[in-house]
Each structure stands twice: as C-alpha cells, then as structure tokens.
Amino acid sequence: MSILVVAEHDNSSVKASALVAIAAAQAIGGDIEVLIAGAGCAAAGETAAKVAGVNKVLVADNDAYSHDLAENIAALIVEIGSNYSHILSATTASGKNFMPRVAALLDVAQISDISGVVSEDTFERPIYAGNAIATVQSTDSIKVLTVRGTAFDPAAADGGSATIENLDIAKDEGLSSWDKEEIAELERPELTAASIIISGGRGMQNGENFALLESVADKLGAAIGASRAAVDAGFVPNDMQVGQTGKIVAPDLYIAVGISGAIQHLAGMKDSKVIVAINKDEDAPIFQVADYGLVADLFKAVPELDALL
Amino acid sequence: MKVLVAVKRVVDYNVNIRVLGDNTGVDLNNVKMSVNPFDEIAIEEAVRLKEAGTAEEVIVVSVGASACQEQIRTALALGADRGILVETEEEVQPLAIAKVLKAIVDKEQAQIIITGKQAIDGDNSQTGQMLAALAGLSQATFASELQVGDGTATVTREVDAGLETITVKLPTIITTDLRLNEPRYASLPNIMKAKKKTIDTFTPEDLGVDVTPTVKTLKVTPPSARQAGIIVESVEELVDKLKNEAKVIS
C-alpha cells in the first residue's frame with residue numbers, strides 16, 4: 001500500500017500542516033511518498049526528504065505549479081494518482097481548493113477534514129461545525145482525504161532520508177492565471193502554527209483596541225486571532241478569523257478576550273490545550289469551555305495582564 | 001449570459017444540533033431548515049449580476065428531496081428567474097451532486113455557476129470544485145470579490161495568509177466566501193411573485209446520473225465534551241495558574 005501526501009511548502013521548507021498530513025499517513029500505514037509541486041521548489045523537496053517516515057519525495061518543479069492553481073495541480077496529481085491507495089493533503093485553503101478536483105477526476109469521493117484514522121478505509125471527521133463526529137467508511141479504490149491541522153501530532157521534521165525523484169510533468173491547463181496577492185506582513189507567528197494565541201471579539205469595540213492584545217502577544221510570542229463577530233464588524237481582516245469559517249487552531253494556550261463563545265468560534269479553538277476567557281459577562285458560553293475564566297472588564301484586565309508578564 | 005446558482009437545504013444555522021441516541025445521525029425532526037448561508041451569498045451575487053446587466057437569466061438548482069422546493073422558492077423570491085429541482089429521496093454525496101449539476105450545466109449552457117464554499121451540515125467544501133473538474137472548467141473558490149470581463153472573470157480569493165486575485169476563463173465555477181456580499185431579504189411582493197415562477201423537476205435517472213453513495217456513515221457521536229474549568233478572581237491569580245499549574249507560560 002502506497003500513500004501520497006501533497007505537501008504545502010514555501011519553496012524552502014514544508015509547512016507544519018504538511019507534517020500533520022504525513023502523520024495521518026503514518027497512522028494509516030504504508031509507504032509514504034510526498035509530492036512537492038511548485039516553481040523553484042527543490043529546497044523544499046530536500047527538507048521533505050528529511051521528514052521522519054517518508055520513503056520518497058517527488059518534486060514537480062515547473063512554472064505551471066507556481067501559485068497552486070487548482071486546475072494545474074489537480075491535473076498533475078491525477079497523472080500519478082492511480083499508483084496510490086490514499087492521497088492526502090492538509091485542510092488548508094490550498095488543499096481544499098485542489099483536492100476535490102483530484103477526487104472528481106479520479107471518480108472517487110473525498111473525505112474532508114479527517115480528525116481520526118480508524119482503519120485504512122474508515123475515518124472520523126467533524127460535521128455540523130464540530131457539533132457531531134461522523135465515522136465514515138469509503139468503498140472507493142483510492143481514498144482522497146484532507147487532514148485537519150490540529151488532529152495529529154506533526155511528523156518529526158528530522159530523522160528521515162527519503163530518495164528524491166524529479167517529475168518531468170508539466171500540466172498547464174490554461175484555464176486560470178494568478179494576478180496578485182495581498183498578504184499581511186507577519187511580525188508574529190502564523191495562527192495555525194502558534195503555540196500561544198490571543199484573540200479578540202466584539203468586546204474589543206474597535207480595531208484600534210487590538211493594540212492592547214498586540215503588547216501581550218509580543219511578550220508571549222503569541223499570534224493574534226479574532227472572532228467572526230470582530231471580523232464582520234470590520235475591526236480586523238478576515239485572515240485573523242478563528243472558527244468554523246476561519247482557521248482551526250489548537251495551541252497550547254488560547255486566550256479569548258471579549259469573545260462570547262458562539263458555536264462557530266468554539267468549533268475553531270476548542271481543541272486548544274489550555275483555554276483562558278476574559279469577559280465581563282459571566283454568562284458568556286466561552287466560560288463553559290475555558291480552563292480559567294476571569295469575569296472582568298477587558299480594558300482593565302488586559303493592561304494588568306500586560307504589566308504582569 | 002446565464003448564471004446558474006446551486007443551493008442546498010440544510011439545518012438552519014441557529015439550530016442547536018443534537019446527536020441521536022442510537023448514534024445514527026443528528027436529530028432532524030421538527031428542525032427548521034433553510035438555504036445554506038453560503039448559498040444565500042451565491043444567490044445574491046447572481047441577482048446582482050443580473051441587475052448590473054451582466055447576466056440575462058438566473059437559474060437556481062437544488063438536489064434532494066421534494067422539500068428542497070422551499071429553498072428554491074426562497075431563491076426565486078430573492079430574484080432568481082426560474083428553478084430546477086433534481087429530486088431524489090436518496091442520500092446524495094458531493095460527487096453525486098457534482099455529477100447532477102454537470103448534467104444541468106450541459107443542458108443550460110450557463111457561463112457562470114455560483115455556489116457556497118461549503119454547506120454548514122456536512123462541512124465538506126467539495127461540490128463546486130468537483131463540478132469544475134467534471135465539466136473541465138476553471139474554478140475560483142472562496143471568492144470575496146468578483147468582476148466579470150469579456151470571456152474571463154477576475155476573482156479575489158480568501159486564502160490562509162490573506163487575499164489573492166486570479167483570472168479565470170469563462171465558463172467558470174465560483175464558490176462564495178462570507179465577504180463577497182451581504183444578502184438582501186425577500187420583500188413580500190417578491191415572495192408572492194416567486195410563487196408564479198417555474199420550477200422544473202427531474203430525477204437523477206432522467207439526467208443519466210447514478211447517485212449511489214460510496215461513503216457509508218457508520219456512526220455519528222457527540223464530540224468529546226470539554227470540562228469547564230475554574231473562575232479566577234484576579235489577573236494575578238490567572239498569571240499564577242498559567243505559570244505554576246498549567247505551565248503554559250514562563
């Protein structure tokens with residue numbers, strides 16, 4: 001049995017989400033091959049070869065794959081896909097974009113966002129925003145799976161010595177082209193990779209007040225997140241959103257400030273190891289999932305917290 | 001051009017989900033059903049394309065039980081011109097829905113197909129991408145801005161690190177993210193008018209599509225509950241607990 005993991009990378013190294021997908025492949029069991037597709041991605045291929053448990057790395061280095069355009073990446077994966085029993089990627093914006101296309105072209109179902117491996121054909125996944133867990137079994141010959149980024153401990157980035165094979169396959173479908181991006185400059189860790197996150201909700205009242213969280217985040221080396229309410233109110237951009245419709249996170253410490261704890265927010269953070277809630281409303285649902293709750297006005301409590309760190 | 005919008009009937013987003021005691025699924029008895037919220041955004045975008053003169057006709061399609069007519073009527077009240085129901089009492093999974101939609105796209109020759117980025121029941125986020133694959137068309141998922149040009153569309157997409165803009169050839173499949181627009185409410189006169197609009201009904205067999213599922217749900221269970229912790233009295237106590245009890249900060 002041979003498993004293909006399509007790894008997200010930044011051309012120089014593989015992302016943490018890919019290590020989680022590799023860990024899910026290890027839980028299924030079998031030879032693990034990693035696909036690195038991109039333009040100028042040889043260095044990422046070398047880091048993938050060092051990941052523990054990887055047998056082979058396939059590097060498809062071509063301009064057609066430079067911006068993860070779904071049509072081109074899917075065509076590449078389908079070209080080699082029938083060699084595998086399972087094809088996995090992380091449940092990221094990129095993986096969610098091209099994987100269903102792969103599945104449909106192979107005429108098999110996709111099982112999205114798996115949170116557990118029961119056996120080689122049976123998997124657990126959250127439905128209804130994590131309010132229920134479904135155990136599902138696939139009868140397809142190839143299992144196409146996306147893996148929830150918080151569900152498995154990432155594979156070790158070192159210790160492996162996989163062979164590297166270059167794939168000379170250029171698939172430019174000519175259906176789409178990449179124009180530009182607006183990427184927030186990150187002075188802090190990425191939300192999905194951070195070990196500490198401090199998030200603000202509607203209680204922050206406006207975008208300027210997020211500066212209160214920034215000072216605490218700097219001291220803790222934390223990422224800053226937000227609830228959908230704060231994003232919808234225009235306080236902060238959507239890439240900061242934690243929740244069912246935003247990013248799914250599970251840091252060691254999650255500090256929720258002025259967040260009531262709507263179901264859709266809890267769906268994105270309730271697997272965090274330790275949850276702290278600061279809210280002046282003692283009946284806020286966030287306190288039902290918090291390990292440590294502080295009923296207080298955030299505009300007094302956060303500066304105090306800042307001073308004590 | 002024709003714009004096709006695919007909508008799904010789902011449990012309303014305000015309903016608290018309860019897992020059935022026998023672990024066969026969630027309780028759908030007497031539960032309010034609505035248009036999937038992301039599909040409402042798709043309807044709104046299509047109607048705006050018509051209002052802007054870009055689209056001549058907006059067709060709304062749903063796949064499922066006959067009760068899906070309610071959601072099609074909602075879309076008609078919001079401004080869609082006519083509806084198509086592909087009726088089946090079977091459980092239809094994303095690949096089967098995509099195959100049905102492909103048959104409708106072929107029949108209608110729509111230039112732009114819009115649907116939600118995911119449905120809030122299964123949270124799969126597959127149907128739009130699968131339809132694009134089966135039809136051999138371009139795709140622009142998680143759209144937060146759409147501009148239709150001559151034979152192309154320019155779409156701003158929400159990605160993990162921010163936004164990216166791509167240009168796709170028409171015909172194309174677009175899936176909506178939250179920030180694409182704010183859907184309107186249906187007015188009473190429009191709700192009355194919608195009752196007179198046509199809904200054509202087909203079965204998957206009429207369209208030559210086999211909708212037999214390949215993924216079987218073995219059981220559905222509640223998520224492991226998180227135990228509520230303690231209420232601390234002060235910021236000092238909180239910092240002390242985090243340092244010395246939870247040991248998550250130093």
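Quick note: the coordinates plus some simple rules give every number you see, no bench work behind them. In this text, all values refer to a predicted model and were calculated from it rather than measured experimentally. A quick note on method: Cβ atoms are made from the backbone with ideal geometry, for glycine too, and the neighbour counts reach across all protein chains shown.
Once you average over the residues of B:230-237, how many Cβ atoms of partner chains fall within 10 Å of each Cβ?
Per residue, the average neighbour count from other chains is 6.
Run the numbers on chain A and let me know its relative contact order in percent, using alpha-carbon pairs under 8 Å that are six or more apart.
That works out to 15 percent.
Using helices alone, what [θ] at 222 nm do you get for chain A, with -39,500 (n - 2.57) per DSSP H run of 4 or more residues, divided over all residues and rounded to the nearest 500?
Counting only the DSSP helices, I get -7500 deg cm²/dmol.
Which whole number gives the average count of other chain Cβ atoms within 10 Å of the Cβ atoms across peptide A:24-30?
Per residue, the average neighbour count from other chains is 0.
For region A:40-58 and region B:79-109, compute the distance between their C-alpha centroids and round to whole Å.
With region A:40-58 and region B:79-109 each reduced to a Cα centre, they are spaced 42 Å.
Report the GluC sites (Glu not before Pro) located in region A:107-210 that are in a DSSP loop and have at most 15 other Cβ atoms inside 10 Å of their Cβ, or state none.
A:Glu185, A:Glu187, A:Glu208
Given a Förster distance of 56 Å, report the FRET efficiency between A:Val118 and B:Asn190 from their Cβ-Cβ distance, rounded to the nearest 0.05.
Plugging the Cβ-Cβ distance into 1/(1 + (r/R0)^6) gives 0.70.
What is the mean number of Cβ atoms from other protein chains located within 10 Å of the Cβ atom of each residue in peptide A:170-182, rounded to a whole number?
5
Add +1 for every Lys or Arg and -1 for every Asp or Glu among the other residues with Cβ under 13 Å from the Cβ of A:Ala103, and state the total.
Once all neighbours under 13 Å are counted, the net charge is +2.
Determine the percent antiparallel among the DSSP beta bridges restricted to the protein assembly as shown, to the nearest 5.
If we restrict to bridges inside the protein assembly as shown, about 35 percent are antiparallel.
Sorted by packing (mean other beta-carbon atoms within 10 Å per residue), highest first, where do B:139-147, B:13-21 land?
B:139-147, B:13-21
Going by Cα centres, region A:21-35 and region B:1-69 are how many Å apart?
Cα centres, region A:21-35 to region B:1-69: 36 Å.
So if R0 is 45 Å, what FRET efficiency would B:Glu51 and B:Ile230 give, r being the distance between their Cβ atoms, rounded to the nearest 0.05?
Taking R0 as 45 Å, the efficiency between B:Glu51 and B:Ile230 is 0.25.
Please report the relative contact order for chain B, taking Cα pairs under 8 Å with a sequence separation of at least 6, and give it as a percent rounded to a whole number.
Once divided by the residue count of chain B, the mean separation gives 23 percent.
What's the local net charge at B:Lys50, with K and R +1, D and E -1, over the other residues with C-beta under 9 Å away?
Net of charged neighbours comes to -3.
Which value at 222 nm does chain B reach when only helices count, each DSSP H run of 4 or more adding -39,500 (n - 2.57), with the total divided by all residues and rounded to the nearest 500 deg cm²/dmol?
Per the formula, -8000 deg cm²/dmol.
Let me check I've understood the local charge: for B:Asp81, count other residues with C-beta under 10 angstrom from its C-beta, Lys and Arg +1, Asp and Glu -1. What total comes out?
The answer is +2.
Which of the aspartates and glutamates could be linked to B:Lys243 by a straight reach, that is with a Cα gap under 15 Å, when you skip same-chain ones fewer than 8 residues away?
Partners found: A:Asp252, A:Asp291, A:Asp306.
For chain B, with a Gaussian network of springs between Cα atoms less than 10 Å apart, report the residue from B:Gly162, B:Gly136, B:Gly53 with the top mean-square fluctuation.
Of B:Gly162, B:Gly136, B:Gly53, the most mobile in the Gaussian network model is B:Gly162.
Among B:Lys99, B:Lys117, B:Lys107, which one shows the biggest mean-square fluctuation in a GNM of chain B, springs joining Cα atoms closer than 10 Å?
Comparing B:Lys99, B:Lys117, B:Lys107 in a Gaussian network model of chain B, the most mobile one is B:Lys107.
For B:Val31 and B:Asn244, compute 0.36 nm times the residue count separating them, minus their Cα-Cα distance, and round to one decimal in nm.
72.0 nm
Which part of region A:240-271 falls in the paramagnetic zone of A:Leu309, meaning amide N under 13 Å from the point 7 Å along Cα-to-beta-carbon?
Answer for this model: A:253-257.
Residue by residue through region A:240-257, what is 3J(HN,Hα) from phi via Karplus (6.51 cos²θ - 1.76 cosθ + 1.60, θ = phi - 60°)? Round to whole Hz and write x for glycine and proline.
In residue order, the calculated couplings are 8, 6, 9, x, 4, 9, x, 9, 9, 10, 8, x, 5, 9, 10, 10, 9, 10 Hz.
So how tilted is helix A:93-105 from the main axis of chain A? Cα-based, degrees 0 to 90, rounded to 10.
40
Put +1 on the Cβ of every Lys and Arg and -1 on every Asp and Glu Cβ in region A:177-300; which of A:Gly207, A:Ala250, A:Ala222 then has its Cα farthest towards the positive end of the dipole?
A:Ala250
Quick check on packing: order B:64-70, B:79-85 by the mean number of other C-beta atoms within 10 Å, highest mean leading.
B:79-85, B:64-70
May I ask you to evaluate 6.51 cos²θ - 1.76 cosθ + 1.60, the Karplus curve with θ = phi - 60°, for each residue of region B:9-22 and list the ³J(HN,Hα) values in order in whole Hz, giving x for glycine and proline?
With the stated coefficients, region B:9-22 comes to 7, 9, 4, 4, 5, 7, 7, 7, 6, 10, 7, 5, x, 8 Hz.
Roughly how many whole Å is it from the C-alpha centroid of region B:139-162 to that of region B:219-234?
Cα centroid of region B:139-162 versus Cα centroid of region B:219-234: 39 Å apart.
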